[in-house]
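The structure appears below as structure tokens.
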Amino acid sequence: MAESIIAEKTYRFSIRIVKIHLHLCKEDRDVYSISRQLLRSGTSIGANVEEALGGHTEKDFSAKMSIAYKESRETRYWLRLLRDCDLIDHSMACSFLKDVDEIIRITGSIIKTVKNKNRKYS
């Protein structure tokens, strides 16, 4: 089931995001505002996937999955910024970016599938 796979991936990713946020705040108070943005967008992905899965209509599902996709892209932005400002280790950034890129691909694919299904039956 694609939905349960994405729910599990985004939940595990959220755990990693919380941990890196706590680490960054402990290490450097000056990075707090960027880390807070990363925390907000990175944990929002999984929350929106869960809401999508609990949606009562296909429209609910599609809307929440689209938000998860957008939050994934925002999270990628913050991770790249942290990496390129040398605020997180390059190898750590690569690991996070690999995960978020996979989430972007999966959520994007789910959204396309729903749109194509709706076109086919309209």
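Results, tabulated for the structure shown:
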{"quantity": "Only one of Ile104, Ile110 that is β-branched (Val, Ile, Thr) and in contact (Cβ under 8 Å) with a residue 60 or more places away in the chain", "calculated": "Ile110"}
{"quantity": "Subset of region 1-52 [over 15 Å from Leu82 (Cα atoms) and in contact with a Lys or Arg (Cβ under 8 Å, 6 or more places away or on another chain)]", "calculated": "Asn48, Val49, Glu51, Ala52"}
{"quantity": "Residue in region 49-61 that is in contact with a Cys (Cβ under 9 Å, 6 or more places away or on another chain), surrounded by fewer than 16 Cβ atoms within 10 Å (Cβ to Cβ) and among the hydroxyl-bearing types (Ser, Thr, Tyr) present", "calculated": "no"}
{"quantity": "Per-region count, region 16-27, residues surrounded by 12 or more Cβ atoms within 10 Å (Cβ to Cβ) and more than 13 Å from Thr75 (Cβ to Cβ)", "calculated": "5"}
{"quantity": "Criterion violated by Asp101 - all others in (1) acidic (Asp, Glu); (2) farther than 24 Å from Glu51 by Cα; (3) in a helix (DSSP H, G or I) satisfied", "calculated": "(2)"}
{"quantity": "Given (1) closer than 15 Å to Phe13 by Cβ; (2) touching a residue at least 60 places away in the same chain (Cβ under 8 Å); (3) loosely packed, with under 15 Cβ neighbours inside 10 Å, number of the condition Asn118 does not satisfy", "calculated": "(1)"}
{"quantity": "Selected residue [under 11 Å from the mean Cα position of the chain (by Cα) and among the β-branched types (Val, Ile, Thr)] from Ile110, Ile34, Ile88, Ile17", "calculated": "Ile17"}
{"quantity": "Residue in region 29-40 that is of a type in the set (Val, Ile, Thr) and either modelled with pLDDT of 95 or more or in a helix (DSSP H, G or I) (or both) present", "calculated": "yes"}
{"quantity": "Number of the condition not met by Arg83 [criteria: (1) part of a helix (DSSP H, G or I); (2) under 18 Å from Thr10 (Cβ atoms)]", "calculated": "(2)"}
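The values are calculated or read from the model by the stated rules, or taken from the named source; none is laboratory data. Just so it is clear, the structure is predicted and the values come from calculations on it, not from any experiment. All Cβ positions, even for glycine, are placed from backbone atoms using ideal geometry, and neighbour counts span all protein chains on display.
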